[in-house]
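Novice: Sharing a structure with you now.
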Amino acid sequence: MQVHCSRHRPPPRCLPRWVPARQRGCDVRVWSAATGESLYVLHGHTEFVKACRWSPDGSRLASIGDDQTVRIWAAASGEVETTIRLYTTPTDCCWLPDARTLAVTSRQGLHLFDLTRVPSSI
């Protein structure tokens, strides 16, 4: 297992960590950096989770997986806000500085999602 930090500053004392499918079912876990305590577990991906990125304002966490989905999680509650289904496997993601647009890369190119006006599942 690896602990990965986002390119943007996460909420104080929080680090995302994802667990491979062979170990715990592709969950994303958010841990307290100060205590090592698990704050919450984010369930939803059905395949290996490749990356997690905090939004610049720290209010959301994006995760991408081999299940061809991008999931946006509310940092305060750990609840899924949006699930984006792609026709290809995402390779990475990055929030734009406005904290509302997510860039997702795949073999098919670059995908931009404005997350201000999306339904809970697209």
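The values are calculated or read from the model by the stated rules, or taken from the named source; none is laboratory data. The structure presented is a predicted model; accordingly, all values stated were derived computationally and were not measured. Note that each Cβ is placed from the backbone with ideal geometry, even for glycine, and that neighbours are counted across all protein chains shown. Accessible surface is based on the protein model in full, side chains and every heavy atom, while ligands, DNA and RNA are left aside. Shrake-Rupley method; radii C 1.70, N 1.55, O 1.52, S 1.80 Å.
Novice: Just to be sure I understand the filter: pairs with C-beta atoms under 9 Å, separated by 6 or more residues or on different chains, first member in segment 106-122 and surrounded by 11 or more Cβ atoms within 10 Å (Cβ to Cβ), second member modelled with pLDDT under 70. Which pairs pass?
Specialist: Phe113/Ile122
Novice: What residue, among those in segment 55-102 that are touching a residue at least 60 places away in the same chain (Cβ under 8 Å) and open to solvent by 10 Å² or more (accessible area, probe 1.4 Å), is nearest to Arg29 (Cα to Cα)?
Specialist: Of the residues in segment 55-102, the ones touching a residue at least 60 places away in the same chain (Cβ under 8 Å) are 75, 94-95.
Remaining after also requiring open to solvent by 10 Å² or more (accessible area, probe 1.4 Å): 75, 94.
On the way: Ala75: 11, Cys94: 19 Å.
Going through the qualifying residues, I end up with Ala75.
Novice: Can you tell me which residues in segment 70-101 are in contact with a Pro (Cβ under 8 Å, 6 or more places away or on another chain) and part of a strand (DSSP E or B)?
Specialist: Those that are in contact with a Pro (Cβ under 8 Å, 6 or more places away or on another chain) and part of a strand (DSSP E or B): Val70, Thr82, Trp95.
Novice: Also, I was wondering about something else. Which ones in segment 29-47 are farther than 15 Å from Arg85 by Cα, more than 12 Å from the chain's Cα centre (by Cα) and in a loop (DSSP other than H, G, I, E, B)?
Specialist: Ala33, Ala34, Thr35, Gly36, Glu37 - these are the residues of segment 29-47 that are farther than 15 Å from Arg85 by Cα, more than 12 Å from the chain's Cα centre (by Cα) and in a loop (DSSP other than H, G, I, E, B).
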